[in-house]
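Student: Got a structure for you, written out below as C-alpha coordinates; questions coming shortly.
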Amino acid sequence: MVNVTDHELVPNHELLDDPEAVEEVLAEYNVSKTDLPRIKRTDPALPDEAEPGDVVKIVRESRTTDQATVYRLVIS
(Lines give C-alpha, C1' and ligand atoms only; values in the text may rest on other atoms or scores of the structure.)
Protein backbone atom coordinates (compact mmCIF):
# COMPACT_ATOMS: atom_id res chain seq x y z
CA MET A 1 0.00 0.00 0.00
CA VAL A 2 1.19 3.52 -0.79
CA ASN A 3 1.75 5.99 2.05
CA VAL A 4 0.39 9.31 0.74
CA THR A 5 2.18 11.33 3.43
CA ASP A 6 5.47 10.52 1.71
CA HIS A 7 4.38 12.21 -1.52
CA GLU A 8 6.06 15.54 -2.28
CA LEU A 9 2.74 17.29 -2.94
CA VAL A 10 1.17 16.38 0.43
CA PRO A 11 1.92 19.12 2.97
CA ASN A 12 3.08 18.32 6.49
CA HIS A 13 0.16 17.57 8.87
CA GLU A 14 1.16 17.99 12.52
CA LEU A 15 -1.13 17.12 15.41
CA LEU A 16 -1.29 19.87 18.04
CA ASP A 17 -1.40 17.69 21.14
CA ASP A 18 -0.58 20.46 23.64
CA PRO A 19 -3.80 22.15 24.86
CA GLU A 20 -1.90 25.39 25.47
CA ALA A 21 -0.72 25.48 21.85
CA VAL A 22 -4.30 24.99 20.67
CA GLU A 23 -5.51 27.81 22.93
CA GLU A 24 -2.77 30.11 21.59
CA VAL A 25 -3.87 29.44 18.00
CA LEU A 26 -7.53 30.03 18.85
CA ALA A 27 -6.69 33.26 20.69
CA GLU A 28 -4.45 34.47 17.84
CA TYR A 29 -7.28 34.13 15.33
CA ASN A 30 -10.03 35.00 17.83
CA VAL A 31 -12.05 31.87 17.00
CA SER A 32 -13.35 28.80 18.78
CA LYS A 33 -12.49 25.23 17.79
CA THR A 34 -15.80 24.82 15.98
CA ASP A 35 -15.01 27.86 13.80
CA LEU A 36 -11.95 26.15 12.30
CA PRO A 37 -12.23 24.51 8.88
CA ARG A 38 -12.75 20.76 9.19
CA ILE A 39 -10.84 17.70 8.04
CA LYS A 40 -12.25 14.18 8.16
CA ARG A 41 -10.58 11.59 10.37
CA THR A 42 -10.42 9.32 7.33
CA ASP A 43 -8.17 11.74 5.40
CA PRO A 44 -5.06 9.69 4.57
CA ALA A 45 -2.72 12.62 5.21
CA LEU A 46 -3.67 12.84 8.90
CA PRO A 47 -1.37 11.37 11.54
CA ASP A 48 -2.60 7.98 12.77
CA GLU A 49 -3.11 9.24 16.32
CA ALA A 50 -5.50 12.07 15.30
CA GLU A 51 -8.95 11.79 16.87
CA PRO A 52 -12.15 13.80 16.36
CA GLY A 53 -11.85 17.09 18.26
CA ASP A 54 -8.08 17.40 17.71
CA VAL A 55 -6.52 20.36 15.90
CA VAL A 56 -4.05 19.75 13.08
CA LYS A 57 -1.47 22.25 11.85
CA ILE A 58 -0.83 22.05 8.10
CA VAL A 59 2.22 23.79 6.62
CA ARG A 60 2.24 24.03 2.83
CA GLU A 61 4.34 25.86 0.29
CA SER A 62 3.00 29.18 -0.98
CA ARG A 63 4.01 31.22 -4.00
CA THR A 64 3.46 34.49 -2.15
CA THR A 65 4.75 33.79 1.38
CA ASP A 66 7.07 30.76 1.00
CA GLN A 67 5.00 28.86 3.58
CA ALA A 68 1.35 29.05 4.58
CA THR A 69 0.16 27.64 7.89
CA VAL A 70 -3.46 26.59 8.31
CA TYR A 71 -5.31 24.78 11.09
CA ARG A 72 -8.06 22.18 10.78
CA LEU A 73 -10.43 20.54 13.28
CA VAL A 74 -10.56 16.76 12.97
CA ILE A 75 -14.10 15.41 12.63
CA SER A 76 -15.39 11.84 12.33
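The values are calculated or read from the model by the stated rules, or taken from the named source; none is laboratory data. Because the structure is predicted, anything quoted here is derived from the model rather than measured. A quick note on method: Cβ atoms are made from the backbone with ideal geometry, for glycine too, and the neighbour counts reach across all protein chains shown. Just the protein is used for accessible areas: all its heavy atoms, side chains included, with ligands, DNA and RNA removed. Shrake-Rupley method; radii C 1.70, N 1.55, O 1.52, S 1.80 Å.
Student: Only one of A45, A21 is in contact with a strand residue (DSSP E or B) (Cβ under 6 Å, 6 or more places away or on another chain) and either modelled with pLDDT under 90 or among the small types (G, A, S) (or both). Can you tell me which?
Tutor: Details: A21 fails: in contact with a strand residue (DSSP E or B) (Cβ under 6 Å, 6 or more places away or on another chain).
From the options A45, A21, the qualifying one is A45.
Student: Please find, within region 1-49, the residue that is most open to solvent (accessible area, probe 1.4 Å) out of those that are farther than 20 Å from S62 by Cα and among the small types (G, A, S).
Tutor: Filtering first and then ranking leaves A27.
Student: Something else: How about region 41-59: which of its residues are touching a helix residue (DSSP H, G or I) at 6+ places or on another chain (Cβ under 8 Å), of a type in the set (A, V, I, L, M) and closer than 17 Å to A21 by Cα?
Tutor: Selection gives V55 alone.
Student: Would you mind telling me which numbered condition in (1) charged (D, E, K, R); (2) within 19 Å of D6 (Cβ to Cβ); (3) in contact (Cβ under 8 Å) with a residue 24 or more places away in the chain D54 fails?
Tutor: (2)
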